[in-house]
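Presented below is the structure to which this report refers.
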Amino acid sequence: MQDYKELLSEILIDEDTLQKRVAELGAEISADYQGNENLLLICILRGGVPFMVDLSRHITVPHMMDFMAVSSYGAGKRESDGNVRVTFDLQTNIKDKDVLLVEDIVDSGNTIASVLGMLETRQPASLKVCALLDKAERREAVVPIHYRGFTIPNKFVFGYGLDLDEYYRNLRFVGVVDLEKYNPD
Ligand code: PRP
């Protein structure tokens, strides 16, 4: 796999800006859920992992974490359609829990819309969404984003959880990929 520097056309959100915003989101969530004993963060694998880990460390309210993975039916590799299926389910019963879904990016909105619909049937006490990145101009499904890190333009981005063919999730910033320079084996 190529060095990320060969593919990076620009740093969209640098590490300091990201960390500052994650801290702000954590403070906002901590205030909103003050006194709550049932807060459960749910990370949608895999892109949400770095964000959820960092966010969690800025949430001062005691909380639990769980993980789930979904995959799209019949969609292209870099986009989702309206249907997702659960490939790895939660280990937690979310009934009566205050659930906060944590996502790295909302693009079409189809993933979040589908996951919200599914989780709603499990009767959580509340269900909210925290997304680091909102690629708003790509939206197809109307979805609530209660906590939003950044609204970003319609560019292919990687880093801080977001991948290019599963690589580069470890980058500490969000960068724009120059796909013309990408030479997959
Ligand atoms: C990405 C991202 C969201 C979804 C957003 O996941 O983490 O879950 O796409 O797209 P949408 O709003 O158009 O549905 P992806 O399927 O790439 O899996 P990953 O998290 O493992 O990278």
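Scan region 17-25 and give yes if some residue there is part of a helix (DSSP H, G or I), under 24 Å from L116 (Cα atoms) and touching a Phe, Trp or Tyr at 6+ places or on another chain (Cβ under 9 Å), otherwise no. Yes, that holds for at least one residue. Of all the listed residues (A125, A141), the sole one being touching a residue at least 40 places away in the same chain (Cβ under 8 Å) and either away from the ligand (no atom under 15 Å from the Cβ) or loosely packed, with under 12 Cβ neighbours inside 10 Å (or both) is A125. Residue check: V53 meets all listed conditions (1) of a type outside the set (G, A, S); (2) in contact with a strand residue (DSSP E or B) (Cβ under 9 Å, 6 or more places away or on another chain); (3) in contact (Cβ under 8 Å) with a residue 24 or more places away in the chain but one, namely (3). Annotation: L90 fulfils all but one of (1) closer than 25 Å to A125 by Cβ; (2) part of a strand (DSSP E or B); (3) within 16 Å of the ligand (Cβ to nearest atom); the unmet one is (2). Scanning region 100-122 for residues that are near the ligand (Cβ under 9 Å from one of its atoms) and of a type outside the set (A, V, I, L, M) yields a count of 8.
Restricting attention to region 107-130, the residues being part of a helix (DSSP H, G or I) and either among the aromatic types (F, W, Y) or over 18 Å from the mean Cα position of the chain (by Cα) (or both) number 1.
Every number in this text was worked out from the coordinates using simple rules, so none of it is lab data. Everything quoted here is computed from the prediction, not taken from an experiment. Backbone-built Cβ (ideal geometry, glycine too); neighbour counts: all protein chains shown.
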